[in-house]
Amino acid sequence: MTPIWRVDVITTFPESFAGFLEVSLLGKARAAGTIDVRVHNLRDWAEPPHRITDDYAYGGGPGMVLKAEPIVAAVEDLRGPDAWVGLLTPQGRPLRQTVVAELAARPHLILICGRYEGVDERVRTLVVDEEISVGDYVLSGGEVAAMVVIDAAARLVPGVVGDADSLVGESHAGERLSHPQFTRPDEFRGLRVPAVLLSGHHARVEQWRRAQALHRTQRRRPDLLDRRAPSDEERQLMQEFPPSDA
Ligand code: ADE
C-alpha cells in the first residue's frame, strides 16, 4: 500500500519520538502503510567531524541558536514536489482543528523542530512555508509540538480512524465541543445516566447529544459559538433539552 500521508521530522532529539510513533492509532496506521512518518537526526546534515547543530547568537545573549546550514540541507534532501515545510515555534500560526485538517490534506509535511533560543532566521526565509504554534506557552523545543501536529492530523487522514463517523461529533469539529458520555453502570455513587440514553430512541438520543454539546460549548467556550453562531434548529434543540449538568 502506498502511504497517502508522509511526514518527515527534522530534530536534534529523534529518540523522543520512539514510543509515540509505535503505539495506538499511529502505530497501527504506520504498520498498515496508510501513513509514513520518518524522524531524522539533524546532526546527519551537520558538518563532520563535530556535527555541531547550534551556535552562539550574533549580537549576544543567552542560549544557542540552531544553525541554518544543516536545516536547509536536510529540507533540500527530503523535499519532493508536494512537500510543505512547517517550523514548530511559539511564534507560529495557532494550531486549531481547521489548521489540523489542512495539514492532514497535504500529502507530504516536513516538520522542523526548533530548539534552544531559536532558529537562524534564514531558515524561515529560505525553506519554511509556515510556522505553527501549538499554544501560547513555551515548550523546551518543537518535538512535543510536532507530535501534537502529527497526532491530531493523522486521525483525519482517510483510513487511520476505522469509523470515520466517529470524527463527526467530536470536540472542535465544526466549532463545537462534544457531548457528555456515559458507560456502565447506569448508576454510580448515586449519579444516574440520563434516562434518554437508556431509552433506545436513537433520534432523541441524537437530539439530546447535540443540545448538550451546544450547552457545554456555550458555557465553556463561547468564543467557538462566536465563530459559528447556533442555527435556528440548534437553538430549538437547546430549548427543548436543557443542560443535563446544570
Ligand atoms: N516550541 C516551543 N514552544 C512551542 C509552541 N508553543 N508551539 C510550537 N513549537 C514550540
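The values are calculated or read from the model by the stated rules, or taken from the named source; none is laboratory data. Since the structure is predicted, the reported quantities are computational estimates derived from the model, not experimental observations. Don't worry about glycine lacking a Cβ; one is built from the backbone with ideal geometry, like all the others, and counts go over all protein chains shown. With ligands, DNA and RNA removed, areas are computed over all heavy atoms of the protein, side chains included. Shrake-Rupley method; radii C 1.70, N 1.55, O 1.52, S 1.80 Å.
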Practice problem: For residue 36, state whether it is of a type in the set (Asp, Glu) and touching a residue at least 40 places away in the same chain (Cβ under 8 Å). | Solution: no
Practice problem: Assess whether residue 59 counts as being at positive phi, at pLDDT 95 or above, open to solvent by 10 Å² or more (accessible area, probe 1.4 Å) and small (Gly, Ala, Ser). | Solution: yes
Quiz item: Looking at this structure, is residue 111 open to solvent by less than 60 Å² (accessible area, probe 1.4 Å), hydrophobic (A, V, I, L, M, F, W, C), touching a strand residue (DSSP E or B) at 6+ places or on another chain (Cβ under 8 Å) and not in a helix (DSSP H, G or I)?
Solution: yes
Exercise. Just name the residue that is nearest to the ligand (Cβ to nearest atom) out of those in the stretch 132-150 that are touching a Gly at 6+ places or on another chain (Cβ under 6 Å) and farther than 21 Å from residue 22 by Cα.
Key: 133
Exercise. At least 3 residues that are free of Cβ contacts under 8 Å to residues at least 60 places away in the same chain and touching a helix residue (DSSP H, G or I) at 6+ places or on another chain (Cβ under 7 Å) in each: list the helices (runs of 4 or more DSSP H) lying fully within the stretch 148-246 that qualify.
Key: 202-220, 222-227, 232-240
Quiz prompt | Leading residue by the ranking (nearest to the chain's Cα centre (by Cα)) among those in the stretch 164-218 that are of a type in the set (A, V, I, L, M, F, W, C), open to solvent by 50 Å² or more (accessible area, probe 1.4 Å) and over 30 Å from residue 102 (Cα atoms) | solution = 182
